[in-house]
Amino acid sequence: MNRKVKLSLLVLLLIFILVLTGCFGNTNVNEGRAQNHSVELIEGFERFENDYFEIQFDNRWTQDATELMEMQVIAFLSPDGLATVNVIREEMPIRYNLEQYKNVSLQNARQMHGRNMGETTEERTTVNGLDAYKITYDLTQRGLTNEIIQVLIVCERTAFVISFAGNDEDTFNKMLDTFVIK
């Protein structure tokens, strides 16, 4: 895959993430701080951590961090450039429960992508002991269709979106299993 297509894939994923993390509305949900614990380091992986979360990633992958207003985006890119994993942390102006956040996120994504967004599948799951939603769908941009996987976690007034696009879902699943909120 040439460099232009790789860059397009990364830009596409970042745009989608920004859409998915939009929050609007009001609620009186009072969810407590979730507790999960660090995971033993996987062989061949490194640990990324900041004040809010930690996650492990394949030590051959590159990592970059960006701050956008109330959001922090950590991007991981495979050595061949064919897979990306992004972790977004968003401070929400109001509290949402997980179901509300999922619904608003999907509504925003459908409005932005229209016909380019395929049918979604939604699955309630857990990530290292945290309640989560896993959303999967195809997204077509410039004639290129990619399967997108988004995992949504809400903890108090903070939302985490862990996304994947590419050809290395095994590495994504290993990374997901190491995600910890501090």
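What follows draws every value from the coordinates through simple rules; no lab data is involved. Please read these numbers as outputs of a predicted model, since none were measured by experiment. A quick note on method: Cβ atoms are made from the backbone with ideal geometry, for glycine too, and the neighbour counts reach across all protein chains shown.
Worth pointing out:
- Between residue 62 and residue 182, the FRET efficiency estimated from the beta carbon spacing at R0 = 25 angstrom works out to 0.60.
- For the stretch 39-182: rounded, prolate or oblate by the Cα gyration tensor [a/c cutoff 1.5]: oblate
- Shape class for the stretch 76-139: oblate, because the ratio a/c of the largest to smallest gyration tensor axis (alpha-carbon atoms, square roots of eigenvalues) is 1.5 or more and b/c is at least a/b.
- Proximal aspartates and glutamates relative to residue 102, as straight alpha-carbon distance under 16 Å, when same-chain residues fewer than 8 apart are discounted: 31, 90, 91, 119, 122, 123, 131, 156
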